[in-house]
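Derivation of every value follows stated rules applied to the coordinates shown; laboratory data play no part. Remember, it's a predicted structure, so these values are computed and weren't measured experimentally. Cβ sites come from the backbone with ideal geometry, for glycine too, and all protein chains shown count toward neighbours.
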Amino acid sequence: MEWHGQVKSWADDRYPRSRAYELDWMMDNMMGPNALWLMESLTERLHLEPGMRVLDMGCGKALSSIFLAKEFDVQVWATDLWIGAGENWTGSSRRASRISCVRSTPRLTTSRSLLGSSTPW
Ligand SMILES: C[S@@+](CC[C@H](N)C(=O)[O-])C[C@H]1O[C@@H](n2cnc3c(N)ncnc32)[C@H](O)[C@@H]1O
């Protein structure tokens, strides 16, 4: 088995939730270490309940925001310094409900709410 096949096999076992997401989508939007694997590890210890509000500070292209909203039905406020709220809002996160992309300013003043989106993930 090739090394990447071994890694995939290990990752599929270790991160069963992340396995459900398309690899191409992950690769296209990752800006650092695998954000879904990090979120899946974190949420093994972080207790989240539906409806909770989560601030995803430094969300990048909102991979982690989408994962949290979809997997735990929490309401995510996503903000990033380099990636504008408009870019995230028109990008892949538009397909997820319960995410609000917020422009990163010292006061987090501008938001474009996606709440109520009827498009299923
Ligand atoms: C290595 S990238 C990771 C992005 C994302 N979390 C991911 O895993 O794909 C770090 C991100 O942190 C953001 N960032 C750094 N300082 C920030 C700040 N003060 N407020 C908001 N975002 C910040 C950057 O804009 C950048 O997109």
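At N34 and A20, where each label point lies 7 Å from the Cα along Cα→Cβ, what is the point-to-point distance in nanometres?
Label-label distance for N34 and A20, simple model: 1.7 nm.
Would you please put 36-44, 49-57, 69-77 in order of how densely packed they are, using the mean number of other Cβ atoms within 10 angstrom per residue and starting with the highest? Provide the component values of the computation, followed by the final result.
Values: 36-44: 16.3, 49-57: 13.2, 69-77: 19.7.
Ranked by mean Cβ neighbours within 10 Å, highest first: 69-77, 36-44, 49-57.
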